[in-house]
Amino acid sequence: MFGSENKHRPFQTDDPRLLPIADKVARQERLTSEDGLALYQTSDILAVGWLANQVRERMHGDVAYFNVNRHINPTNVCVAACRLCAFGRRKDVPGAYTMALEEAWRAATSGYTEAVTEFHIVGGLHPDLPLEYFLDLFRGLRERFPKVHLKAFTMVEVAFFAKRAKLSIRETLLKMKEAGVQSMPGGGAEIFAERVRSIICDHKIDGNEWLETARIAHEVGLKSNATMLYGHIENDEDRVDHLVKLRALQDETHGFQCFIPLSFHPANTMLEHLPTTTGMQDIKQIAVSRLVLDNFPHIKSYWQMMTPKVAQISLCFGADDIDGTVVEEKIYHDAGATTPQGLRRHDLIRLIKEAGREPLERDTLYRRVTRDETSFTVAV
Ligand code: V47
């Protein structure tokens, strides 16, 4: 056993490659790509988790964030036909749907009665829906729910609908902002490495275009999240490359709020033959993300993907956020997820408290929310 002292408990590992990394973490020094690889390659999950927890507690103490949100997926019609996806459909096949605007606005009110603070709006790349449909959708939501934050459109949707509307990325983002969009989710990043991307999502924008769109979003004042889809055909190098590229952009823009590793769900996709991720992979992914992404304020362990049990444990392995009530999740449930489609606020609080953490309800911009039965207030 090798060890070094710390004020809580000693750091211990039986993998000598982790010792220089532990020293860097103690000195708050940036980790290199080689360090990232060593973290992925070690089987000493407790040591990696211990290090990630140091960083997590340094940044957030015992606080663990959650929110009360609702997902709205206006359409599942998509021209991309990504091998990774079980949600998208061609427009005239059974199961394809596109909500009329009234229907989407109605969906926003259905489900739990707890006042939601965020609508998370993403969907397919519909070949016929114009950008104006989505702008009307956002305007209508803004008008009907002026207090609810609109987090909408992945970088992939922005690029697709911009091209269709013959607008630049910047013009499109500005139009979205004018229509009421306040921030953007992190989807569509998948894995930036072209070798992998060309297999799992060959019709999507490439990794550089995703990063460039995020850069412009941050420049026009929209905060965003970032994701990484792991557990399919990528390797350790691809994952490190993805994290390091995100970290470099964050150094420039400071526009990312949180990073969300998404575990691949193979059921009903063209990659159905692949196994699902294991608990070790999921927990390690959270921990490595916390350690490499030193300039990301938050690491989210999205309970829908991780399962509530793994999300809860990951609060001690680097994560400080478990996402929200969600209410009606479609993307992973089409891909075989067996988690509930939504959780209640009190369920999230229980998960966090039983992990020994302090629940803090946040809005999308990580401001504290206080509420009574039917309404909420955001601390600004
Ligand atoms: O981009 C699609 C992933 C993402 C599958 O920003 C799949 O707060 C696993 O980005 N198995 C969309 N994953 C979801 C997303 C997200 C979710 C929660 C919170 C936030 C946020 C963002 O879902 C897609 C893709 O990477 N995905 N199909 C699948 N079969």
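Every number in this text was worked out from the coordinates using simple rules, so none of it is lab data. Bear in mind the structure is a predicted one, so any value in this text is a computation, not a measurement.
Which of 151/204; 284/330; 91/300; 91/245; 147/330; 223/353 have a Cα-Cα distance over 31 Å?
Violating the 31 Å limit, Cα to Cα: 91/300; 91/245.
Just to be sure I understand: of the beta bridges DSSP finds with both ends in the chain, what percent are antiparallel, rounded to 5?
Here the antiparallel bridges make up roughly 25 percent for the chain.
Given the options 226, 162, 248, which has the most mean-square fluctuation in a GNM of the chain, springs set between C-alpha atoms less than 10 angstrom apart?
248
What are the ³J(HN,Hα) couplings of the stretch 270-282, residue after residue, when phi is run through the Karplus curve with 6.51, -1.76, 1.60 and θ = phi - 60°? Round to Hz, x for glycine and proline.
Taking θ as phi minus 60°, the curve returns 6, 10, 4, 6, 6, x, 6, 6, 9, x, 4, 4, 5 Hz for the stretch 270-282.
Hey, what's the Kirkwood Rh for the chain if you take every pair of different alpha carbons, in angstrom?
Evaluated on the chain, it is 21.1 Å.
Along the stretch 318-331, what does the Karplus equation 6.51 cos²θ - 1.76 cosθ + 1.60 (θ = phi - 60°) give for ³J(HN,Hα), rounded to whole Hz, x for Gly and Pro?
Per residue, the Karplus-derived 3J(HN,Hα) values read x, 7, 10, 8, 10, 6, x, 6, 6, 6, 9, 8, 10, 4 Hz.
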